[in-house]
Amino acid sequence: MKRALIIDDEPLARMVVLEYLQDFKDQIEVLQECGDGFEGLKAIQQLQPDLVFLDVQMPKINGFEMLELVDSPPAVIFATAFDEYAIKAFEAHAVDYLLKPFSKERFNKAIEKYLAISPAAVITKNTETLLEAAAQSPAQNERIVVKTGTKVKIIAVQDVEYLQADDDYVSVVTAEGAFLKNKTMAFFEKTLDPGQFVRVHRSYIVAISQITRLDPYEKDSHLAILKSGAKIPVSKTGYVKLKQVLGI
């Protein structure tokens, strides 16, 4: 018996999934219905489901952002009206996606596909790859969602002063403090707007708007002085990138 969650802010959409699942009641048990990403995240952490039926466009945090906060994501079947870009990612990496409104026949195909997939590790890897692909969508680049203990914090990209490598994490630094995100510097370098953020050092990405001046430092290197007073090392390569963006 597979254990599942339904995470969607639309009661009618959740009802449709429940109704369609009646044909699979001997194979899939619905543990809980969740009306938003916060509730869904909590349920995944507590109940450890095998499968999640997930909407993408939800208030507070969307489906992608919720999955990013899960340490070991379960298998995911998306039920969404998301854009064409994301659909291409779903086709390549998700267990399946259901484009609303979907028929019972299409739903059954998704379930049969899920039940045929093994092992679970492959599903998890596909979910991780999907998140990497989805992050390239402009809609995903306006904020950074992080966990701070049991709480979830949403950081607007314009509030980020700089990012710093921190072992297997990246420290996202704002005026409120530093917050760890389980991503790589390469991920942020690829997804953040290159006109607003520059990787000035292998361990630092800086918001251009925060730089007040550049001071010479050691041989072939500089320091970027930020509005906050922070001093960020700038490598020779990083200095070239900065000059290009700043037009100097």
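Condition check ((1) open to solvent by 70 Å² or more (accessible area, probe 1.4 Å); (2) under 17 Å from the mean Cα position of the chain (by Cα)) across all residues:
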{"position": "D159", "(1), (2)": "yes, no"}
{"position": "L180", "(1), (2)": "yes, yes"}
{"position": "I208", "(1), (2)": "no, no"}
{"position": "D220", "(1), (2)": "yes, no"}
{"position": "V245", "(1), (2)": "no, no"}
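Note on the range 1-88: enclosed helices (runs of 4 or more DSSP H) holding 3 or more residues that are under 27 Å from K147 (Cα atoms), open to solvent by 50 Å² or more (accessible area, probe 1.4 Å) and assigned by TED's automatic domain parsing to the domain that holds P101 are 37-47.
Exactly one residue among L163, L192, L130 is modelled with pLDDT under 90 and open to solvent by less than 20 Å² (accessible area, probe 1.4 Å), and that residue is L130.
The values are calculated or read from the model by the stated rules, or taken from the named source; none is laboratory data. Remember, it's a predicted structure, so these values are computed and weren't measured experimentally. What goes into the accessible areas is simple: the full protein's heavy atoms, side chains included, and nothing from ligands, DNA or RNA. Shrake-Rupley method; radii C 1.70, N 1.55, O 1.52, S 1.80 Å.
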